[in-house]
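To start, the structure itself, in structure tokens.
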Amino acid sequence: MTDNREILLSVKNMDVCFGKRNNRFKAVNNVSFDIYKGETFGLVGESGSGKTTIGRAIIRINPTTAGDVIFKGEKINGKISKQLDRQVTRQIQMIFQDPMASLNERAKVDYIISEGLFSGERISEAERKQKVEKALAEVGLLPEFASRFPHEFSGGQRQRIGVARALIMQPEFIIADEPISALDVSIRAQVLNLLSELQKERGLTYLFISHDLSVMRFICDRIAVIHKGVLVELAETEKLFAHPLHPYTRALLSAIPLPDPAREKNKKLEVYDPAQHDYTVDKPQWIEIEEGHMVWGNSKEIDQYRKILNA
Ligand SMILES: Nc1ncnc2c1ncn2[C@@H]1O[C@H](COP(=O)(O)OP(=O)(O)O)[C@@H](O)[C@H]1O
Ligand SMILES: [Mg+2]
């Protein structure tokens with residue numbers, strides 16, 4: 001299905017390191033992927049695998065230490081012009097697990113939602129108020145909520161405020177970093193539905209970060225799997241579920257609960273042991289093993305994966 005879909009964002013051989021010279025730690029290691037305009041691209045992996053770091057590198061909070069981030073054909077990592085920086089700051093927005101946990105509890109919702117607008121060209125107070133009201137309405141919240149404080153809201157409402165805060169910038173691309181992980185199970189679907197309605201209405205593109213593959217199956221067009229800073233597999237969602245190749249992907253999939261209780265009780269969990277890879281001589285590469293299906297492996301492993309696919 002690699003037709004003439006337009007690429008909105010390309011990450012090419014990106015590294016992100018933390019720490020100083022003697023104590024350097026590569027949190028993101030040679031990561032490459034493309035995101036098509038209008039799709040929901042999933043990034044899944046266990047806690048600490050580098051998902052948030054990738055999102056923060058794209059929005060220029062974390063500096064990259066190698067590679068390129070290309071947005072709409074322009075390189076946006078590293079040193080860029082003020083004008084491009086301002087453009088990227090508007091067009092790419094990030095939604096966090098709990099957008100308000102990290103914010104000043106003394107700021108009113110009105111301020112929280114419109115904070116991003118202060119960095120752009122000046123707008124009148126009336127225009128700002130009107131934009132806040134519109135953003136609140138778009139996420140299904142009442143206009144009077146603008147004068148309230150974060151602690152007055154439930155988790156689901158707080159996440160709607162986080163979405164409004166992103167929408168007010170009229171972005172093209174939204175990085176949703178575990179947007180429902182902190183929410184009660186009963187309201188998760190509402191927030192997911194809101195995100196997909198907004199996507200339809202506005203042709204938004206999402207990078208959806210999660211550690212929960214069952215949620216991602218429902219919402220993502222394609223999924224990339226990350227393990228300790230390295231992408232190990234990438235495919236269209238149903239292809240990944242039907243033909244997982246990398247043992248880490250298989251382990252993640254085997255951990256998803258099955259709807260049938262009898263099968264769930266008897267199922268065998270696959271455990272991933274990174275020691276199974278011998279990369280001392282035969283080095284791994286990021287290979288397109290079939291159209292649109294990427295996997296990380298050395299030549300011996302790739303041969304095995306080809307056999308699995310052809311079986
Ligand atoms: N600012 C930072 N300084 C140092 N280490 C960091 C920083 N941010 C993240 N890390 C480390 O990078 C790794 C990846 O973190 P993160 O991207 O938050 O993972 P995830 O979002 O997949 O849970 C972790 O080991 C984390 O401790
Ligand atoms: Mg994270």
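The values are calculated or read from the model by the stated rules, or taken from the named source; none is laboratory data. No experiment lies behind these values; they were computed from the predicted model shown. Positions of Cβ are backbone-derived with ideal geometry, glycine not excepted, and every protein chain shown enters the neighbour counts.
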Quiz item: Filter the range 17-54 for residues that are assigned to a strand (DSSP E or B), free of Cβ contacts under 8 Å to residues at least 60 places away in the same chain and within 15 Å of ligand 1 (Cβ to nearest atom); which is farthest from residue 249 (Cα to Cα)?
Solution: 18
Quiz item: What pairs come up if the first residue lies in the range 115-129 and is in contact (Cβ under 8 Å) with a residue 24 or more places away in the chain, the second is outside any helix (DSSP H, G or I) and among the hydrophobic types (A, V, I, L, M, F, W, C), and their beta carbons are under 7 Å apart, counting only those six or more places apart or on different chains?
Solution: 116/168; 116/169; 117/123; 117/168
Quiz item: Across the range 176-210, what is the total count of residues that are modelled with pLDDT of 90 or more, part of a loop (DSSP other than H, G, I, E, B) and in contact with a Gly (Cβ under 7 Å, 6 or more places away or on another chain)?
Solution: 1
Exercise. Tell me which residues, restricted to the range 211-221, are out of contact with any helix residue (DSSP H, G or I) (no Cβ under 6 Å at 6 or more places or on another chain) and either surrounded by fewer than 16 Cβ atoms within 10 Å (Cβ to Cβ) or not in a helix (DSSP H, G or I) (or both).
Key: 211, 212, 214, 218, 221
Quiz item: Looking at the range 35-52, is at least one residue aliphatic (A, V, I, L, M) and surrounded by fewer than 18 Cβ atoms within 10 Å (Cβ to Cβ)?
Solution: no
Quiz item: Pairs under 9 Å by beta carbon, first residue part of a helix (DSSP H, G or I) and modelled with pLDDT of 95 or more in the range 74-102, partner within 16 Å of ligand 2 (Cβ to nearest atom) and of a type in the set (Gly, Ala, Ser), six or more apart or different chains?
Solution: none
Practice problem: Only residues that are surrounded by fewer than 18 Cβ atoms within 10 Å (Cβ to Cβ) and either of a type in the set (A, V, I, L, M, F, W, C) or within 16 Å of ligand 1 (Cβ to nearest atom) (or both): list them for the range 120-177, please. | Solution: 123, 126, 137, 142, 149, 153
Exercise. Would you check which residues across the range 55-72 are free of Cβ contacts under 8 Å to residues at least 40 places away in the same chain and either assigned to a helix (DSSP H, G or I) or touching a helix residue (DSSP H, G or I) at 6+ places or on another chain (Cβ under 8 Å) (or both) and list them?
Key: 56, 60
Self-check item: Near pairs, Cβ below 7 angstrom, 6+ apart or cross-chain, from the range 174-202 (under 13 Å from residue 98 (Cβ atoms)) to any residue that is part of a loop (DSSP other than H, G, I, E, B) and aliphatic (A, V, I, L, M)
Solution: 191/180; 191/183
Self-check item: Given (1) in contact with a Ser or Thr (Cβ under 8 Å, 6 or more places away or on another chain); (2) part of a loop (DSSP other than H, G, I, E, B), index of the condition residue 128 fails
Solution: (2)
Practice problem: Sort out which residues of the range 11-24 are at pLDDT 95 or above, away from ligand 2 (no atom under 16 Å from the Cβ) and surrounded by fewer than 17 Cβ atoms within 10 Å (Cβ to Cβ), and write them in order of number. | Solution: 12, 13, 15
Quiz prompt | Residue count for the range 222-247, restricted to those that are at positive phi and buried (at least 17 other Cβ atoms within 10 Å of the Cβ) | solution = 1
Quiz prompt | Hits in the range 34-67 - residues which are in contact with a Leu (Cβ under 7 Å, 6 or more places away or on another chain) and within 13 Å of ligand 2 (Cβ to nearest atom) | solution = 43, 44, 51, 54, 55
